[in-house]
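The values are calculated or read from the model by the stated rules, or taken from the named source; none is laboratory data. Since we're looking at a predicted model, the values are computed, not measured. Cβ: placed from backbone, ideal geometry, glycine included. Neighbour counts: every protein chain shown.
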Amino acid sequence: MAITMTESAARHVQRSIDGRGKGEGIRLGVRTTGCSGLAYVLEFVDEVAAEDQVFESFGVKVIIDPKSLAYIDGTELDFVREGLNEGFKFNNPNVRGECGCGESFNV
C-alpha cells in the first residue's frame, strides 16, 4: 500500500517547508504513549535515511521509518479546518480503537 496526503495537507506541508527554508519532506511515524498505546509523530526531514520509505503526494514527500510503516500503512494525511481549529487528521485504516481524548490509538 502507501501513505498519501490530500491536496490540502500537501499545500500546508509545502508552505511550512518553504517557511523553514529547507527540507526534503515530512516524516510520519508512531511512538508508544497514551492510554491506547500509539500516537502519531510528525517532523521535518532534512535528510532521508537509506532504510526510510518515501511516498509522494502532490509533489511533497512523506517519509516513513520501517517500524512505523506496519502501523500506518494505507494512511491518508489530511489537513482540516473546523471552526477556529485547524490541524492534521489521520485517516488510518489499521486503527481498531482510540482513547477518549483522541491522543492515542491501537491497531
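Annotations for the structure displayed:
- Scanning the range 36-46 for residues that are charged (D, E, K, R) and either part of a loop (DSSP other than H, G, I, E, B) or closer than 17 Å to Lys89 by Cβ (or both) turns up just one, Asp46.
- Restricting the range 87-107 to residues that are closer than 13 Å to Thr32 by Cα and among the polar types (S, T, N, Q), the residue that is modelled with the lowest pLDDT: Ser104
- Checked against (1) within 21 Å of Val107 (Cβ to Cβ); (2) surrounded by fewer than 17 Cβ atoms within 10 Å (Cβ to Cβ), Val80 passes all but a single condition, namely (1).
- Considering residues of the range 60-100 that are in contact (Cβ under 8 Å) with a residue 24 or more places away in the chain and assigned to a loop (DSSP other than H, G, I, E, B) only, the residue farthest from Arg27 (Cα to Cα): Gly100
- Failed item, numbered, when Gly29 is tested on (1) surrounded by 14 or more Cβ atoms within 10 Å (Cβ to Cβ); (2) at pLDDT below 90: (2)
- Listed conditions (1) in contact (Cβ under 8 Å) with a residue 40 or more places away in the chain; (2) over 16 Å from Asn94 (Cα atoms); (3) not small (Gly, Ala, Ser) are all met by Glu56, apart from (1).
- Applying the condition of being in contact with a Gly (Cβ under 7 Å, 6 or more places away or on another chain) and of a type outside the set (Lys, Arg) to the range 34-63 and asking which residue is surrounded by the most Cβ atoms within 10 Å (Cβ to Cβ) yields Val62.
- Search result, residues across the range 1-35 that are assigned to a strand (DSSP E or B) and aliphatic (A, V, I, L, M): Met5, Ile26, Leu28, Val30
- The lone exception for Thr4 - which of (1) touching an Asp or Glu at 6+ places or on another chain (Cβ under 6 Å); (2) within 24 Å of Arg96 (Cα to Cα); (3) touching a residue at least 40 places away in the same chain (Cβ under 8 Å); (4) surrounded by fewer than 18 Cβ atoms within 10 Å (Cβ to Cβ) it fails: (4)
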